[in-house]
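What follows is one structure encoded as structure tokens, with my remarks underneath.
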Amino acid sequence: PVVIGIITIIFNVFATYFFISKMGMPGMALAFSLSSILNLILLVGELHYKIGAFHDEYLIINSFKIVISSMFAGLGTFIGLYLVAPWVNMHTYLGIFIQAVVSGSIGILVYLVISRMLHMEEAKDLLKLIKNIYSKSTRSFSVIWNWPV
């Protein structure tokens, strides 16, 4: 993994130089994305070399599900930015912070909903963990203040 990381970094440096000269600052984002994809491909190839075949179809299908969920989450976050902006003062740090927290929460919620719709087991496990943490925290508050939950 270290050698692959070094190869990816070297590729990123050259790709950044090339794409910035052609596209400007968006070229840097493109170079980073291409470097990350190269890193993934090389690491998966190395994993195949070391341990042989593993559940490739599961990995590929879940990767597509994650990409789809992430795209919808990004869209939800982007829409959330514009929905929240009229309600907060965008000229203060607090207003920008509130906008970021609310729109980020919308993005997380959209990701979880889409992931569940696509039957991702990881999303199901994450929701179970959140429910477990919530139930334990509310139980703690009810013990401290004698509140019925």
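Note on Arg116 and Ile98: their simple-model spin labels are 2.8 nm apart, each label 7 Å out from Cα toward Cβ.
What accessible area per residue, rounded to a whole number of Å², is obtained for the chain using a probe radius of 1.4 Å? Mind showing how you got there, number by number?
Details: 11440 Å² over 149 residues.
Here the residues of the chain average 77 Å² of exposed surface.
Only Lys, Arg, Asp and Glu carry charge here, each on its Cβ (+1 for the first two, -1 for the last two); on that basis the chain has a dipole of about 400 debye about its Cα centre. Helical content alone sets the calculated 222 nm signal of the chain at -30500 deg cm²/dmol, taking -39,500 (n - 2.57) per DSSP H segment of four or more residues and averaging over every residue. For the stretch 31-114, the carbon plus sulfur part of the accessible surface works out to 80%, probe radius 1.4 Å.
Using the Cβ-Cβ distance between Ser63 and Leu127 with R0 set to 22 Å, the FRET efficiency works out to roughly 0.60.
The label point for Lys50 and the one for Phe32, both projected 7 Å from the Cα toward the Cβ, are 2.7 nm apart. Return a whole-number percent for the relative contact order of the chain, with Cα pairs under 8 Å and 6 or more residues apart as the contact set. Worked out over the chain, it gives 16 percent. Helix 121-145 against the longest principal axis of the chain: what's the angle in degrees, Cα atoms only, rounded to the nearest 10? So the helix axis and the longest Cα principal axis differ by about 30 degrees. Charges on Cβ only, +1 for Lys and Arg, -1 for Asp and Glu, centred on the Cα centroid of the chain; of Ser70, Ile41, Gln99, which one is farthest towards the dipole's positive end? Toward the positive end, the furthest listed residue is Gln99. Once you sort the root eigenvalues of the Cα gyration tensor of the chain as a ≥ b ≥ c, which label holds: rounded (a/c under 1.5), prolate (a/b larger than b/c) or oblate (the other case)? Oblate shape, in that a/c is at least 1.5 and b/c is the bigger or equal ratio.
The values are calculated or read from the model by the stated rules, or taken from the named source; none is laboratory data. All figures in this text were calculated on a predicted structure; none of them were measured in a lab. Reconstructed Cβ throughout: ideal geometry from the backbone, glycine too, with neighbour counts over all protein chains shown. Quick note on the areas: whole protein, heavy atoms, side chains included, nothing else; ligands and nucleic acids left out. Shrake-Rupley method; radii C 1.70, N 1.55, O 1.52, S 1.80 Å.
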